[in-house]
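The values are calculated or read from the model by the stated rules, or taken from the named source; none is laboratory data. Keep in mind that this is a model prediction, so the values were computed, not measured. As a convention, Cβ positions derive from the backbone with ideal geometry for all residues, glycine included, and neighbour counts pool all protein chains shown.
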Ligand code: SF4
Ligand code: MG
């Protein structure tokens, strides 16, 4: 998911809209914007793309100089309008709206406890848990209640929150998901403070990147300015490395590092590890492009756009229904025959999850006349699901959890297949393997940084 927050802008709704527009790649299922003007708190959400939901007419119904926004990619909770965010809850502490990127892992336990205490849940989304905890907290002040609630939940959360007169932003203690803070300088007036999942949103807002919200940090913005407290400390940082591999945009800087730089390095390292004689390097657009450029430069083989993407089709993986994805591949990609015919092609992609898309792409390239098709993947085999906000399927559907690399190669019908090593990936993302890398790599190792995981999802497929 993508989240954004605006404080101190006369047209906060439109700013939130622009921010969400830049974060659309983080989820296309539903979107919402809540605004506040010191007295009222309005909230509008809908299914679909940000630009479809928030027409001029709709934005006009969202007055105020504060806003939070969300664009949703479903992980837990049904994919319905009911679970669209921001969620607005009336509580003993007043009206609160929240938007959340990530996934809580001790959901069941906390929810049961709250229900015993009389909480009535309006949604099946895990984000509501945080609001209910705040509502049922006995802490004296709102900010204490938020800090206390955040320390009771485990898992991944980069959140933005809003009351009638304040904006909050926080990250979980391990810093799984990115969240950055920026500032718009208003000549002669108060600065506008903005938060966004990725810094690419700041560019559209003409905000200056200031810093990341730190793991375990709660930032509060009021009329008097920005204050912050560390509600949790001493936990090792495990930021999601898959953000660098796939999820984030290359024009964003996350965890203090340009995604573009990481992907370029992934491609270069991949070339050093597993290059084979070839005539052309072809990225699977869009996710494979930056790594493929690095690969081609390192290998000294021409980079060619041998697959063209139709940009009017959504990201296939992100559509929850498998059958939509199956149909999606041909809608989305088409080969450029004259670049592929008679060539030894190295295809570069970011990941193989189920393997079904990859197989179609390999067939497509071969069907366009390629003599050889080699597939190179810019991360290690995905062998275990994510519980922290990326919608990887359970183990039984992860091809690398059930097949050897050679069996996968056979399944996808490639002449050769190689993945980037884990060490290579960590190095490409700026860390020293072996040391505390600061990254979660659980989907490549099966070693989860939190204790609680859904056992069902990590059971291997029945033989
Ligand atoms: Fe990211 Fe993988 Fe960890 Fe999930 S399991 S947070 S996708 S690195
Ligand atoms: Mg892709």
Out of all the residues in the stretch 96-103, is one or more more than 23 Å from residue 7 (Cβ to Cβ) and at pLDDT 85 or above? yes
The conditions are (1) surrounded by 23 or more Cβ atoms within 10 Å (Cβ to Cβ); (2) out of contact with any helix residue (DSSP H, G or I) (no Cβ under 7 Å at 6 or more places or on another chain); (3) part of a loop (DSSP other than H, G, I, E, B), and residue 178 fails exactly one of them. Which is it? (2)
Hey, can you tell me all the residues within the stretch 17-48 that are touching a helix residue (DSSP H, G or I) at 6+ places or on another chain (Cβ under 9 Å) and either over 27 Å from residue 245 (Cβ atoms) or assigned by TED's automatic domain parsing to the domain that holds residue 286 (or both)? 17, 32, 33, 34, 35, 36, 37, 42, 44, 45, 46, 47
Those residues of the stretch 249-288 which are in contact with a strand residue (DSSP E or B) (Cβ under 6 Å, 6 or more places away or on another chain) and either more than 16 Å from ligand 2 (Cβ to nearest atom) or within 30 Å of residue 216 (Cα to Cα) (or both) amount to 255, 274, 276, 278, 279, 280
Which members of the stretch 374-386 meet the condition of being within 25 Å of residue 71 (Cα to Cα) and more than 7 Å from ligand 1 (Cβ to nearest atom)? 385
Over the stretch 289-327, the set of residues assigned to a loop (DSSP other than H, G, I, E, B), modelled with pLDDT under 95, surrounded by 14 or more Cβ atoms within 10 Å (Cβ to Cβ) and within 16 Å of ligand 2 (Cβ to nearest atom) is 313, 314, 315, 319
Does any residue of the stretch 232-240 turn out to be more than 25 Å from residue 450 (Cβ to Cβ) and in a strand (DSSP E or B)? no
Output the qualifying pairs, or none if there are none: Cβ atoms under 6 angstrom, residues six or more apart or on different chains, first residue in the stretch 207-222 and on the phi > 0 side of the Ramachandran plot, second residue part of a loop (DSSP other than H, G, I, E, B) and surrounded by fewer than 19 Cβ atoms within 10 Å (Cβ to Cβ). 216/232; 216/233
Restricting attention to the stretch 181-207, which residues are surrounded by fewer than 23 Cβ atoms within 10 Å (Cβ to Cβ), assigned to a strand (DSSP E or B) and either in contact with a helix residue (DSSP H, G or I) (Cβ under 7 Å, 6 or more places away or on another chain) or modelled with pLDDT under 95 (or both)? 182, 184
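Condition check ((1) assigned to a helix (DSSP H, G or I); (2) surrounded by 24 or more Cβ atoms within 10 Å (Cβ to Cβ)) across all residues:
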site: 71; (1), (2): no, yes
site: 82; (1), (2): yes, no
site: 96; (1), (2): no, yes
site: 99; (1), (2): no, yes
site: 102; (1), (2): no, yes
site: 112; (1), (2): yes, no
site: 120; (1), (2): no, no
site: 123; (1), (2): no, no
site: 130; (1), (2): yes, yes
Within the stretch 411-451, the count of residues that are over 21 Å from the mean Cα position of the chain (by Cα), in contact (Cβ under 8 Å) with a residue 40 or more places away in the chain, surrounded by fewer than 22 Cβ atoms within 10 Å (Cβ to Cβ) and assigned to a loop (DSSP other than H, G, I, E, B) comes to 5
Which of the residues belonging to the stretch 30-58 are under 25 Å from the mean Cα position of the chain (by Cα), in a helix (DSSP H, G or I) and in contact (Cβ under 8 Å) with a residue 12 or more places away in the chain? 50, 51, 53
Among the residues of the stretch 374-397 satisfying the criterion of being surrounded by 24 or more Cβ atoms within 10 Å (Cβ to Cβ) and within 16 Å of ligand 2 (Cβ to nearest atom), which is farthest from residue 157 (Cα to Cα)? 375
Of the residues in the stretch 253-284, those that are surrounded by fewer than 19 Cβ atoms within 10 Å (Cβ to Cβ) and on the phi > 0 side of the Ramachandran plot come to 256
On the given criteria, is residue 416 in the same structural domain as residue 283 (by TED's automatic domain parsing) and either out of contact with any helix residue (DSSP H, G or I) (no Cβ under 9 Å at 6 or more places or on another chain) or under 17 Å from residue 363 (Cα atoms) (or both)? yes
